[in-house]
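Take a look at the structure below.
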Amino acid sequence: MTPVRTVDVLVVGAGPAGLGAAARLAALGAGTVEVLERERDLGAVRRWAVAARRAGAVLRTGVTVTGWAGPLTLDTTSPAGRERVAARAVVLATGARERPRAARLVPGTRPAGVLTGGELRRAVRRHRQDVGTRAVVVGTEPDAARRAVRTLRRAGVEVAALVTRERWRAPGALTGRLPVLDGTAVTGLLGRGRLSGVRVRRGDGREATLACDTVVFTGEWVPEHELARSGGVALAPGTRGPAVDGAFRTSVAGVFAVGALLHGGASTVGAVVRGRAVAAPVLAYLSGRAPWPGAGVPVVADAPLRWVVPNRLGAGGGRFLVRAARPLVRPVVVVSQDGVLLLRRRVWRALVPSRSLPLPAGWAARVDPGGGPVRVRVW
Amino acid sequence: MTGGPLPAEPYDVVVVGAGVVGSAIARELARYPLRTALVDAADDVGEGTSKANTAILHTGFDAVPGSLEARLVREGQRLLTRYAAEAGIPVEPLGALLVAWDEEQLAALPGLARKARENGYRDARPIGAAELRAREPHLGPGALGALDVPGEGVICPWTTVLAYATQAVRAGVDLLLGCEVRDVRPGHELVTTRGVLRARYLVNAAGLYADELDRLLGHRDFNVRPRRGQLIVFDAFARDLVRHILLPVPTALGKGVLVSPTVHGKVLLGPTAEDVDDRTATGSTAEGLAFLREKGRRIVPALLDEEVTAVYAGLRAATEEDDYRIACHPGQRYVTVGGIRSTGLTASMAIAAHVVDLLAGAGLEPGPARELPAVRMPNLGEAFPRPYADARAIAADPAYGEIVCFCERVTRGEIRDALASAVPPASPAGLRRRTRAGAGRCQGYYCGAAVRALFEEAR
């Protein structure tokens, strides 16, 4: 192995969160800030890459981090060779991916023409590939589903239907002139060689076959947590992303995590903003002013809530984000520790699985550091 | 020669079926100065039953003592273990534990150890619950003991077929793909979808269709009864949960479900065993997957928390009998190799040697045998060095430093090599079996379009 090169801050992943973090860190004088990105082409985030470079960060694309060589030391592979890079702080911004068909356990055959929204986007935009003639889009998250519909239509593909397990109100407004089968599950894929159709089951039990040669599975974001996990970073059970406190600190000293890696999908602009927010905690850590906290009291979400972020208590942080596993109509959200009520709040709207609910964090000061986990529930 | 017109002059031997068995037979025949053709209806080798194998390199400890299968698996394991080391086929000698979950299964273990000895395998021994727990700490509660079979291993089923086919092709065997045999006229005139093919000797290794080909030759010795096996593959983090091949104890109700590490660094859960009528029914079902998950939860509960990378189903070419159905018809200069189930991967080289003996007995004069030029297959195994981590390989060729498939860390250099190989892939799925590109947790979210672009470029 080649000798170790050292930088001050290593950011893994040049998505919006990583670039936002790098730009802010470089601008605030964090020293040498380097972003490693395994893709060669930055695609849609190019403008934030320009901003990060202008601020003084070094951006290296086509460089894959393959693992940890030690604390805060990473091994990389690129066409230039193998390299080991050590840092004083590491910011993980590896993003999230859409759960593919197999992991959704959709049965049936394994024909060509089965995509995720991300693969569809790359196939159409970057490679100008043929993606079929008639498609079905599957997904519970309106943003991701809408994006796939747009991409398909731009590529000249007829969108036969949008299939979602959720109950969507005013579906017509969602995508315009598009049959939306809500409350519907995909029960199988058909076809050999090329996809010939998908089987669906409506909420009332009726089944049907939708003829199509492409199916796009969207949403169901899975944090790309493999690097974090292989470095011993503890995951939060609800999100399957790294457990962090309000200052984006993981369970491993010097390792921060930001962006979609924390809980799955997030809007691009939102991720840039949240990426920037990691800069102050990183600087505080580098200056030695803020020693790494211990494990901290975990914050957990009970069903029917799916997750809460941050999921460990520590210094810093403005608010908590909560996500529901299923639609909840005007729920009362309750935060408590060992039976002691910390917050009780009525939500005057429906809570849907595709949108986060922000919760104020004032109650965090009243948490007993030696007590049990803080639970977030609905009444 | 995978495409183009078929030659008019007869081949000495035509092998129908380019699965693991047919490819092994073609490779064995390639050692002799014979004109041999390896023919398959599909457009790639190993495209049928072979690609959906459970990937275990068996000792044959649980075969029926005295059966042909018992002998060929035993010999085949020895041959394939040696060949794998030469050809770069990944093998991991993990050992197997047959886990007993109830008193009936526990009581069956000594008998299985005896049967293993009858099969010439002497290292199987029952172990207690405490030792089992120490060796498999993530096993679910309630395991009472196990039979330790240290000789069992896991192997890459895809590389095995490719190594055989590659070596055969390089030694002069004609590989005729997309060439479905529709009829056999007297004198071994094979009417195929690509034209007429003539053979002096014919070998039927047609797997799921072996009985149909047999019938064209006038034999009704057996019927293929496809038995579907559905499998779930879990991602790399699951690999830390399982140290051995965890086999079920066979009972009256069938062979049951196994949990096994794979040489690709993942964990396999399966297979189901469903008799189906349709020889193309390789789809998974909701019931099958639910059944596997329920079994998996019992065996290694933490497995179910891990991400699934693939779900697939294969059809075993079972017949109404338990043993292999290998028969020689000397008068017809014809050998049938039927009823080869999942052990066929292990037994493949021994089956091949046996078939060539049978052909010789039927009058084929193969001529002097020679050593085949060695092949060295690209390594797909996690236990062995791979190009992305090889500084010297990258320095010599930067394409080995350009990772295209991030989940499986497959480089552009490896994809380029596979596309230019002696037996090139016919589809992105074929490329996946040669490189692992697209076989990971993202299932193409990141790399699918890029891999397809490389594949299209090479066509």
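Listed here are the residues, each with its yes/no results for (1) small (Gly, Ala, Ser); (2) in the same structural domain as B:THR343 (by TED's automatic domain parsing); (3) at pLDDT 95 or above; (4) within 25 Å of the chain's Cα centre (by Cα).
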position	(1), (2), (3), (4)
B:PRO110	no, no, yes, no
B:ALA143	yes, no, yes, no
B:ALA163	yes, yes, yes, yes
B:GLN167	no, yes, yes, yes
B:GLY172	yes, yes, yes, yes
B:GLY178	yes, yes, yes, yes
B:THR193	no, yes, yes, no
B:VAL196	no, yes, yes, no
B:TYR201	no, yes, yes, no
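Considering only region A:338-347, I want to know if a residue exists there that is touching a strand residue (DSSP E or B) at 6+ places or on another chain (Cβ under 7 Å), in a loop (DSSP other than H, G, I, E, B), within 27 Å of A:ALA260 (Cβ to Cβ) and outside the structural domain of A:GLY259 (by TED's automatic domain parsing).
Scanning region A:338-347 turns up at least one residue that is touching a strand residue (DSSP E or B) at 6+ places or on another chain (Cβ under 7 Å), in a loop (DSSP other than H, G, I, E, B), within 27 Å of A:ALA260 (Cβ to Cβ) and outside the structural domain of A:GLY259 (by TED's automatic domain parsing).
State yes or no: is A:ALA290 over 30 Å from A:ARG167 (Cα atoms), among the small types (Gly, Ala, Ser), surrounded by 13 or more Cβ atoms within 10 Å (Cβ to Cβ) and without any contact (Cβ under 8 Å) to a residue 60 or more places away in the chain? So that I can check it myself, show each step before the final result.
Numbers: over 30 Å from A:ARG167 (Cα atoms): yes; among the small types (Gly, Ala, Ser): yes; surrounded by 13 or more Cβ atoms within 10 Å (Cβ to Cβ): yes; without any contact (Cβ under 8 Å) to a residue 60 or more places away in the chain: yes.
For A:ALA290, the condition - over 30 Å from A:ARG167 (Cα atoms), among the small types (Gly, Ala, Ser), surrounded by 13 or more Cβ atoms within 10 Å (Cβ to Cβ) and without any contact (Cβ under 8 Å) to a residue 60 or more places away in the chain - is met.
In the set B:GLU320, B:GLU307, which member is out of contact with any strand residue (DSSP E or B) (no Cβ under 6 Å at 6 or more places or on another chain) and more than 14 Å from every other protein chain (Cβ to nearest Cβ)?
Result: B:GLU320 is the single residue among B:GLU320, B:GLU307 that is out of contact with any strand residue (DSSP E or B) (no Cβ under 6 Å at 6 or more places or on another chain) and more than 14 Å from every other protein chain (Cβ to nearest Cβ).
So, in region B:22-54, how many residues would count as being surrounded by fewer than 24 Cβ atoms within 10 Å (Cβ to Cβ) and either within 11 Å of the chain's Cα centre (by Cα) or not basic (Lys, Arg) (or both)?
Summing the residues that are surrounded by fewer than 24 Cβ atoms within 10 Å (Cβ to Cβ) and either within 11 Å of the chain's Cα centre (by Cα) or not basic (Lys, Arg) (or both) in region B:22-54 gives 11.
Against the definition (surrounded by fewer than 24 Cβ atoms within 10 Å (Cβ to Cβ), of a type outside the set (S, T, N, Q) and part of a strand (DSSP E or B)), how does A:LEU227 come out, yes or no? Give the steps one after another, and end with the answer.
Working: surrounded by fewer than 24 Cβ atoms within 10 Å (Cβ to Cβ): yes; of a type outside the set (S, T, N, Q): yes; part of a strand (DSSP E or B): no.
So A:LEU227 fails the test.
Working only within region A:103-133, note down all residues that are in contact (Cβ under 8 Å) with a residue 12 or more places away in the chain, more than 8 Å from chain B (Cβ to nearest Cβ) and either crowded, with 18+ Cβ neighbours inside 10 Å or not basic (Lys, Arg) (or both).
Listed by number, the residues that qualify are A:VAL106, A:PRO111, A:GLY113, A:VAL114, A:GLY117, A:LEU120, A:ARG121, A:VAL124, A:VAL131, A:GLY132, A:THR133.
Could you give me the residue pairs with C-beta distances under 7 Å whose first residue belongs to region A:51-80 and is in the same structural domain as A:LEU19 (by TED's automatic domain parsing), whose second residue is exposed (fewer than 15 other Cβ atoms within 10 Å of the Cβ) and among the aliphatic types (A, V, I, L, M) wherever it lies, and which are 6+ apart or on separate chains?
Between residues of region A:51-80 that are in the same structural domain as A:LEU19 (by TED's automatic domain parsing) and residues that are exposed (fewer than 15 other Cβ atoms within 10 Å of the Cβ) and among the aliphatic types (A, V, I, L, M), the close pairs are A:THR73/A:VAL4.
Go through (1) assigned by TED's automatic domain parsing to the domain that holds B:GLY187; (2) under 28 Å from B:ARG436 (Cβ atoms) one by one and return the number of the condition B:GLY265 breaks.
(1)
Give region A:189-203 a look and list any residue that's modelled with pLDDT of 90 or more and surrounded by fewer than 20 Cβ atoms within 10 Å (Cβ to Cβ), or say none.
Correct list: A:LEU190, A:ARG192, A:GLY193, A:ARG194, A:SER196, A:ARG199, A:ARG201, A:ARG202.
Which one is surrounded by the fewest Cβ atoms within 10 Å (Cβ to Cβ) among residues in region B:235-278 that are under 21 Å from B:CYS156 (Cα atoms) and among the polar types (S, T, N, Q)?
Of all residues in region B:235-278, those under 21 Å from B:CYS156 (Cα atoms) come to B:235-247, B:257-272.
With the extra rule that they be among the polar types (S, T, N, Q), the set shrinks to B:260, B:262, B:272.
Details: B:SER260: 22, B:THR262: 23, B:THR272: 20.
My answer is B:THR272.
Out of all the residues in region B:112-130, which are in contact with a Lys or Arg (Cβ under 9 Å, 6 or more places away or on another chain) and either modelled with pLDDT under 95 or surrounded by fewer than 15 Cβ atoms within 10 Å (Cβ to Cβ) (or both)?
Result: B:GLY120, single match.
Where in region A:1-62 are the strands (runs of 3 or more DSSP E), entirely inside, with at least 2 residues that are more than 18 Å from the chain's Cα centre (by Cα) and within 14 Å of another protein chain (Cβ to nearest Cβ)?
A:58-61
Filter region A:234-266 down to the residues that are of a type in the set (Val, Ile, Thr), assigned to a loop (DSSP other than H, G, I, E, B) and crowded, with 23+ Cβ neighbours inside 10 Å, then identify the one that is farthest from the chain's Cα centre (by Cα).
Among those residues, the one meeting the criterion is A:THR250.
Quick check on my filter: what residues within region B:299-340 are of a type in the set (D, E, K, R), crowded, with 20+ Cβ neighbours inside 10 Å and within 22 Å of B:GLU152 (Cα to Cα)?
Passing the criteria: only B:ARG316.
Can you pull out the residues in region B:408-459 that are within 8 Å of chain A (Cβ to nearest Cβ) and assigned to a loop (DSSP other than H, G, I, E, B)?
B:ARG409, B:SER427, B:ARG441, B:CYS442, B:GLN443, B:GLY444, B:TYR445, B:TYR446
The values are calculated or read from the model by the stated rules, or taken from the named source; none is laboratory data. Quick caveat, the model's predicted, so the values are computed rather than measured. Cβ sites come from the backbone with ideal geometry, for glycine too, and all protein chains shown count toward neighbours.
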